[in-house]
Amino acid sequence: MQVDGDGRSPAPVFAGSLMWAVLLFADDGKLSLEEFQAFFSDGTLNEEELEKLFHTIDSDNTNNVDTKELCDYFADHMGDYEDVLASLEMLNLSILKAMDYTKR
């Protein structure tokens, strides 16, 4: 993956958008490429780089990124954020359960 101009990985920039991504996950539990690009497009990476990152994170090659894949990727690249990411994954699962209950 390409790094930004000052040599840092872009992963920390994405961390601020993780909560919004969790809210997106709430509808079906996964992000499409278009949803991923919409939420992580902050000018750090161009569209091609975002697509490459998306496919890197999509470890099961489903053309969707689920919370586990996203959390696994960021945990591998953001060490100290592992607990935060685990909490976000648990939050997403709770939201999905609540939404499922509400549907019934």
Exercise. Taking the stated definitions as given, is Leu88 outside any helix (DSSP H, G or I) and open to solvent by less than 30 Å² (accessible area, probe 1.4 Å)?
Worked result: no
Seminar exercise, completed: With criteria (1) loosely packed, with under 13 Cβ neighbours inside 10 Å; (2) touching an Asp or Glu at 6+ places or on another chain (Cβ under 6 Å); (3) not charged (D, E, K, R), Asn63 comes up short on (2)
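If we keep just the residues of segment 55-71 that are outside any helix (DSSP H, G or I) and β-branched (Val, Ile, Thr), which is modelled with the highest pLDDT?
The selected residue is Thr62.
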Exercise. Since Phe74 meets every condition but one in (1) under 12 Å from the mean Cα position of the chain (by Cα); (2) modelled with pLDDT of 85 or more; (3) surrounded by 16 or more Cβ atoms within 10 Å (Cβ to Cβ); (4) not small (Gly, Ala, Ser), which condition does it not meet?
Worked result: (2)
Exercise. Do any residues in segment 29-42 that are part of a helix (DSSP H, G or I) have Cβ atoms under 9 Å from those of residues that are open to solvent by 70 Å² or more (accessible area, probe 1.4 Å), where the two are at least six apart or on different chains, and which pairs are they?
Worked result: Leu33/Glu51; Leu33/His55; Leu33/Asn63; Phe36/Glu51; Gln37/Glu47; Gln37/Glu51; Phe39/Trp20
For this session: Please name all residue pairs, on different chains or six or more residues apart, with Cβ atoms under 6 Å, provided the first residue is in segment 87-104 and is over 17 Å from Glu69 (Cα atoms) and the second residue is at pLDDT below 85.
Result: Ile95/Ala26
Exercise. Is it true that Thr44 is buried (at least 18 other Cβ atoms within 10 Å of the Cβ), at pLDDT 80 or above and out of contact with any His (no Cβ under 8 Å at 6 or more places or on another chain)?
Worked result: yes
Exercise. Filter segment 47-74 for residues that are in contact (Cβ under 8 Å) with a residue 40 or more places away in the chain and of a type in the set (Asp, Glu); which is nearest to Leu88 (Cα to Cα)?
Worked result: Asp66
Exercise. Quick one: would you say Leu23 is open to solvent by 50 Å² or more (accessible area, probe 1.4 Å) and modelled with pLDDT of 50 or more?
Worked result: yes
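The values are calculated or read from the model by the stated rules, or taken from the named source; none is laboratory data. No experiment lies behind these values; they were computed from the predicted model shown. When we count neighbours, we look across all protein chains shown, and the Cβ atoms used for this are built from the backbone with ideal geometry, even at glycine. For accessibility, only protein heavy atoms count, side chains too; no ligands or nucleic acids. Shrake-Rupley method; radii C 1.70, N 1.55, O 1.52, S 1.80 Å.
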